[in-house]
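So the structure is just underneath, and the comments pick up after that.
The values are calculated or read from the model by the stated rules, or taken from the named source; none is laboratory data. Here the structure is a predicted model, which is why all the values come from computation and not from measurement. So basically every Cβ, Gly included, is an ideal-geometry build from the backbone, and we count neighbours across all protein chains shown. Protein only, heavy atoms only, side chains kept; ligands, DNA and RNA dropped before computing areas. Shrake-Rupley method; radii C 1.70, N 1.55, O 1.52, S 1.80 Å.
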Amino acid sequence: MKLTTGKFVSEIKKIEQLLVRNFDADENDSFTSMIVQIQKQVPKGVNEKLSFLASLYERAQRGEKLEPADLKQAGFWVDAVWPYVSNGAPRVSRLGSRLAWVVVAIIVAALAYHFLH
């Protein structure tokens, strides 16, 4: 998955919500402390990937510019940990609904142009 800093932060927010919902992590804690709370409930490799994501997330919160290589690696790690933190639930694709709204907007614009001209 290609990530920008903003998209990376939103993905981490989704993972935080899943940690609270599926692993009973304290929602008032930071992402790093959530990972410490759940470390015995996930495999070691997943914990290492979450720790890497947490370090990048802390850097992003401090306002540092994340390198494209780090964001690329973060995209791989987000995809890798998703099945574990979501308990196997697939990611929801919103491409279809976005495409439908674009088509509706085009039709509305065409109708407005037709009737106003």
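Counting only protein chains, not ligands or nucleic acids, how are 34, 1 ordered by accessible area (probe 1.4 Å), most first?
Output order, biggest surface exposure first: 1, 34.
Given +1 on the Cβ of Lys and Arg, -1 on the Cβ of Asp and Glu, and no further charges, what dipole in debye does the chain carry about its Cα centre, rounded to the nearest 20? Could you put the intermediate results ahead of the total?
Working: 15 positive and 12 negative charges, 80 e Å.
Charge dipole of the chain: 380 debye, to the nearest 20.
Between residue 73 and residue 30, what is 0.36 nm times their sequence separation minus the Cα-Cα distance? Round to one decimal in nm.
Fully extending the segment from residue 73 to residue 30 adds 13.3 nm.
Which is farthest toward the positive dipole end of the chain among 95, 51, 38, measuring Cα position about the Cα centre, with Cβ charges +1 (Lys, Arg) and -1 (Asp, Glu)?
95
If you average the sequence gap of Cα pairs under 8 Å that are 6 or more apart and divide by the length of the chain, what percent do you get for the contact order? It would help to have the intermediate numbers written out before the result.
Working: 77 pairs, mean separation 37.9, N = 117.
Answer for the chain is 32 percent.
With every protein chain present, what is the per residue accessible area of the stretch 9-117 (1.4 Å probe, Å²)? Intermediate values should be presented prior to the final figure.
Details: 7370 Å² over 109 residues.
On a per-residue basis, the stretch 9-117 sits at 68 Å².
Roughly how many Å² of residue 70 are accessible to a 1.4 Å probe, to the nearest 10?
Approximately 40 Å² for this residue.
Name the residue, out of 74, 100, 54, whose mean-square fluctuation peaks in a Gaussian network model built on the chain with Cα pairs under 10 Å.
Comparing 74, 100, 54 in a Gaussian network model of the chain, the most mobile one is 100.
For a quick check of your reading of the filter: which trypsin sites (Lys or Arg not before Pro) in the stretch 61-117 sit in a DSSP loop and have no more than 15 other Cβ atoms within 10 Å?
In loop regions of the stretch 61-117 (DSSP not H, G, I, E or B), the sparsely surrounded trypsin sites (Lys or Arg not before Pro) are 62, 65, 91, 94.
In what sequence, largest accessible area first, do 35, 106 appear using a 1.4 Å probe?
Highest to lowest solvent-accessible surface, that is 106, 35.
Once ligands and nucleic acids are excluded and a 1.4 Å probe is used, how much of residue 64 is accessible, expressed in Å² to the nearest 10?
80
By how many nm would the segment from residue 22 to residue 7 grow when fully extended, if each residue of separation counts as 0.36 nm and the alpha-carbon distance is taken off?
Working: separation 15, 0.36 × 15 = 5.40 nm, distance 2.22 nm.
This chain segment gains 3.2 nm when fully extended.
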